[in-house]
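J.: One structure, as structure tokens, below. Some questions next.
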Amino acid sequence: MSDLDELYQEVILDHYRRPRHHGELPDANRTAEGYNPLCGDRLVVYLKVEDGVVKDVSFQGTGCAISQASASVMTSALAGKTREEIQALFDRFREVVSGKGTEEDAVALGEMGAMSGVSQFPTRVKCATLAWHAALAALDKKDKSSVSTESQESAS
Ligand code: ZN
């Protein structure tokens, strides 16, 4: 295992054991639930959005270490961003976790880059992206405020 892999593992375990922004957000005005039936991961993302900018964010859920750590890392990154900025961030994140990104992309993503090891385990990509799908669904205020990794074409 390389030093980088070890560092990445530490980041994931740290966020899994001590999730940031965990719990309900009392003044949230957007929420969406994400469900990954392949792994059993479930989470709810709470957003407080004002003037098109995410002011506050939290999540609550249960599931594997990857899904929960990824949600924790994501919530640390969304505050102050617009829908477009979050989409751009997710696009880059998705490239990295699906193995299409470069190591530079992973490093540029900071702690989110720690999920890059997931690219070696295709089924875990859905665990890593679940929180993002829920956050984007919440931002889009879709009628159905619930997303499943199995109802989207190529959720990975
Ligand atoms: Zn999972």
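J.: Among the numbered criteria (1) under 15 Å from the mean Cα position of the chain (by Cα); (2) in a helix (DSSP H, G or I), which one does GLU84 miss?
T.: (1)
J.: Continuing with the same structure: Every residue in region 131-150 that is within 15 Å of the ligand (Cβ to nearest atom) and either closer than 27 Å to SER2 by Cα or at pLDDT below 90 (or both), please.
T.: Of the residues in region 131-150, the ones within 15 Å of the ligand (Cβ to nearest atom) are 131-134, 147-150.
Within region 131-150, VAL147, SER148, THR149, GLU150 qualify.
J.: Taking LEU89 as the residue in question, decide whether it is surrounded by fewer than 23 Cβ atoms within 10 Å (Cβ to Cβ), more than 20 Å from GLY23 (Cβ to Cβ), among the hydrophobic types (A, V, I, L, M, F, W, C) and within 16 Å of the ligand (Cβ to nearest atom).
T.: No, not satisfied.
J.: For region 4-22, check the following and say yes or no: at least one residue is polar (S, T, N, Q) and closer than 23 Å to THR149 by Cβ.
T.: Within region 4-22, none of the residues are polar (S, T, N, Q) and closer than 23 Å to THR149 by Cβ.
J.: Of the residues PHE59, PHE121, which single one is among the aromatic types (Phe, Trp, Tyr) and surrounded by fewer than 21 Cβ atoms within 10 Å (Cβ to Cβ)?
T.: Numbers: PHE59 fails: surrounded by fewer than 21 Cβ atoms within 10 Å (Cβ to Cβ).
Matching residue, one of PHE59, PHE121: PHE121.
J.: Does LEU130 count as assigned to a helix (DSSP H, G or I) and surrounded by fewer than 19 Cβ atoms within 10 Å (Cβ to Cβ)?
T.: On the way: assigned to a helix (DSSP H, G or I): yes; surrounded by fewer than 19 Cβ atoms within 10 Å (Cβ to Cβ): no.
No, not satisfied.
J.: Looking at the structure I just gave you, is LYS100 of a type in the set (D, E, K, R) and more than 14 Å from the ligand (Cβ to nearest atom)?
T.: Yes; evaluated as a whole, the condition is true for this residue.
J.: Does region 39-51 hold any residues that are part of a loop (DSSP other than H, G, I, E, B) and either modelled with pLDDT of 95 or more or crowded, with 18+ Cβ neighbours inside 10 Å (or both), and which are they? Steps first, please.
T.: As a first pass, look at region 39-51 and keep what is part of a loop (DSSP other than H, G, I, E, B): 39-40, 51.
Scanning region 39-51 gives CYS39, GLY40.
J.: Could you check, for region 15-26, whether at least one of its residues is open to solvent by less than 30 Å² (accessible area, probe 1.4 Å), hydroxyl-bearing (Ser, Thr, Tyr), within 16 Å of the ligand (Cβ to nearest atom) and more than 14 Å from ALA138 (Cβ to Cβ)?
T.: No, the conditions are met nowhere in region 15-26.
One line per residue, one yes/no per condition, for (1) in contact with a Gly (Cβ under 8 Å, 6 or more places away or on another chain); (2) among the β-branched types (Val, Ile, Thr):
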| site | (1), (2) |
| --- | --- |
| HIS22 | no, no |
| VAL57 | no, yes |
| VAL73 | no, yes |
| ALA77 | yes, no |
| ILE86 | no, yes |
| LEU89 | no, no |
| ARG92 | yes, no |
| GLU95 | yes, no |
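J.: Let me ask something else. Does SER72 fit the bill of being within 16 Å of the ligand (Cβ to nearest atom), closer than 20 Å to ARG18 by Cα and at pLDDT 95 or above?
T.: Judged against the criteria, SER72 is a match.
J.: So which residues in region 54-68 are within 12 Å of VAL44 (Cα to Cα), in a helix (DSSP H, G or I) and within 6 Å of the ligand (Cβ to nearest atom)?
T.: The one that is within 12 Å of VAL44 (Cα to Cα), in a helix (DSSP H, G or I) and within 6 Å of the ligand (Cβ to nearest atom): SER67.
The values are calculated or read from the model by the stated rules, or taken from the named source; none is laboratory data. The shown structure was predicted, so the numbers you read here are calculated from the model rather than taken from an experiment. Quick reminder, even Gly has a Cβ in these numbers, built from the backbone with ideal geometry, and neighbours come from all protein chains shown. Note: accessible area is taken over every heavy atom of the protein model, side chains too, but ligands, DNA and RNA are not part of it. Shrake-Rupley method; radii C 1.70, N 1.55, O 1.52, S 1.80 Å.
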